[in-house]
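Remarks on the structure that follows.
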Amino acid sequence: AQKITQTQPGMFVQEKEAVTLDCTYDTSDQSYGLFWYKQPSSGEMIFLIYQGSYDEQNATEGRYSLNFQKARKSANLVISASQLGDSAMYFCAMSSYTGNQFYFGTGTSLTVIP
Amino acid sequence: NAGVTQTPKFQVLKTGQSMTLQCAQDMNHEYMSWYRQDPGMGLRLIHYSVGAGITDQGEVPNGYNVSRSTTEDFPLRLLSAAPSQTSVYFCASSYSRGRQVYGYTFGSGTRLTVV
């Protein structure tokens, strides 16, 4: 069975500093996708970044990058140059190989300190 | 292009009542799914659909029914509401091509309270 683990319930980072949010996963599938979502206090789920299991290079989207270590089954999110607007809950998720089922971690609450 | 639209945004039900949460997408995505989000538990999959006429159960399907008569719509029905179904419900849509998943988009959510 698929499982996503986020071991950091809460994180603090100074504005303009970089922060890494941890995510490990467990699956027996060879083909899968890894996602990160941001959920601000308003409640919507905002897609940040995607990594396919066959992608050899780490995904990057602006200030977000995904540190994908397949052998260790980890998919950490790195946010560079943190901004006050980055304060939110962050969820790591894994999709089945067909992309029609998602499995979510319990989330990490990030607070950016001015 | 509205993306994924969920209605209503808020709802209060009495125990035993039934209701339907609506979800519609205008992106022609083949996959649609429903999740519930409870405090400290992340999102859990209730039901999903891989195309019109095809649905399947997720992790927490009990007490919910779905149908997919069109590509665009994927309503979630609560048969007899219970306080344990108090949650925030999200609908999502996506499609895949080969080994890549694309367009995984969430609706804005429905906050349901059962009293």
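Under 5 Å from the amide H of A:G107 lie the amide H atoms of A:Q6, A:C92, each residue being 5 or more positions distant or on a separate chain, with H modelled from the backbone and absent for Pro and chain starts. Around the Cα centre of chain B, unit charges on the Cβ atoms of Lys, Arg, Asp and Glu (plus for the first two, minus for the last two) sum to a dipole of about 200 debye.
Positive-end ranking of A:Q101, A:A88, A:Y25 along the dipole of chain A, with charges on Cβ about the Cα centre, is headed by A:Y25. Sorted ascending by nearby beta carbons within 10 Å, beginning with the fewest, B:F74, B:F10, A:F35 become B:F10, A:F35, B:F74. Working from label points 7 Å from Cα in the Cα-to-Cβ sense, the B:E59 to B:S18 distance is 2.8 nm. Stretching B:S108 away from B:T5 to a fully extended chain increases their span by 36.4 nm, per 0.36 nm per residue minus the current alpha-carbon distance. The Stokes-Einstein estimate for segment A:1-95, based on a Kirkwood radius over Cα pairs and taken at 10 °C with 1.306 mPa s viscosity, is a diffusion coefficient of 116 µm²/s.
For segment A:74-92, the residues whose amide N sits under 20 Å from a probe point set 7 Å from the Cα of A:K3 along the beta carbon direction are A:74-76, A:91-92. Take the Cα of A:S41, step 7 Å toward its Cβ, do the same at B:N28, and the gap between the two points is 4.1 nm. Here is the tail figure for segment B:37-115: Cα pairs spaced more than 22 Å apart come to 26 percent of all pairs.
Sorting A:I79, A:I49 from the fewest to the most surrounding beta carbons within 10 angstrom yields A:I49, A:I79. Charge tally for B:D38 (other residues, Cβ to Cβ under 15 Å; Lys, Arg +1; Asp, Glu -1): +2.
Each reported figure results from applying straightforward, stated rules to the coordinates on display, with no laboratory input. Since the structure is predicted, the reported quantities are computational estimates derived from the model, not experimental observations. Reconstructed Cβ throughout: ideal geometry from the backbone, glycine too, with neighbour counts over all protein chains shown.
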